[in-house]
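Just passing along the structure, written as structure tokens.
The values are calculated or read from the model by the stated rules, or taken from the named source; none is laboratory data. The shown structure was predicted, so the numbers you read here are calculated from the model rather than taken from an experiment. Reconstructed Cβ throughout: ideal geometry from the backbone, glycine too, with neighbour counts over all protein chains shown.
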Amino acid sequence: MSDKTNFDIGIRIRRRRKVLGFSMRELAEKANLTAGFIGQVEQGKSTPSLATLIRIAEALQAPMSTFLDNKFEQEGSTPPASVEQSSDTTKMPPQNRKLDMLYRDFGRKMEILRTRMLPGACAEVFPLDEPTEQIVYILEGELKITLTSGEHILRSGRFLYYDGNSLQKYEAFSDEEVVFLTVITPPVKRPRSRDPDQTTNM
């Protein structure tokens, strides 16, 4: 990110923090960070990683897009209804899998989801109604992804790019919870699952 981008993100974080009445120390505790780091981010001197920005956004009770999008510059402003906020969590069957919609706006060109899977959890997927391109980035644990071209095992810090309709199955492949982000372009309206106990589509 450029220095200006860092500064803009820092300003938006500080504005939102003050709207909620949090001190830097309170925000740091909620996001499991240090007050010094929050101060550096707010001054544009440090760049938060995507995972860290998600934690800050959750602590500030706002979607991550609030700190990335120029539409939300005004103090106390909230995202439009077309953007699904991170607090709107959908628990998808089976119950050992949970999906958070971090950002979706059908007027834009992508959506971001976060998925948590318990050890051994597995989900088969079905084709979407339209072609998509997707990137999966692993935050914690290991994930096995099955595409039409073969299987891939991804560990924390690794990512995979693929065509959406090539995805067949994904499963937690470690003894710990697996947490990963999926970026999909364009955003899609999901059809109802054929078998809600066994299938999903990211």
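Of the residues THR200, THR146, which is surrounded by 16 or more Cβ atoms within 10 Å (Cβ to Cβ), modelled with pLDDT of 90 or more and within 16 Å of ALA121 (Cα to Cα)? If you could, list the steps in order and put the result at the bottom.
On the way: THR200 fails: modelled with pLDDT of 90 or more.
Residue meeting the stated conditions: THR146.
Does THR66 satisfy the condition of being modelled with pLDDT under 85, on the phi < 0 side of the Ramachandran plot and surrounded by 18 or more Cβ atoms within 10 Å (Cβ to Cβ)?
So THR66 passes the test.
Please identify the pairs in which a residue from the stretch 15-28 that is more than 10 Å from GLY39 (Cα to Cα) and in the same structural domain as LEU60 (by TED's automatic domain parsing) has its Cβ atom under 9 Å from the Cβ atom of a residue that is among the polar types (S, T, N, Q) and in a helix (DSSP H, G or I), counting only partners at least 6 apart or on another chain.
Going by the 9 Å Cβ cut-off, the qualifying pairs are ARG16/THR66.
To continue, here is another question. Just to verify a result, which residue in the stretch 1-34, among those that are polar (S, T, N, Q) and either part of a helix (DSSP H, G or I) or modelled with pLDDT of 90 or more (or both), is surrounded by the most Cβ atoms within 10 Å (Cβ to Cβ)?
Ranking the candidates gives ASN6 first.
Additional query: Looking at the structure I just gave you, is PHE37 at pLDDT 90 or above and outside any helix (DSSP H, G or I)?
The answer is no for PHE37.
Quick check: is even one residue across the stretch 108-122 in a strand (DSSP E or B), at pLDDT 80 or above, under 17 Å from the mean Cα position of the chain (by Cα) and acidic (Asp, Glu)?
Yes, the conditions are met somewhere in the stretch 108-122.
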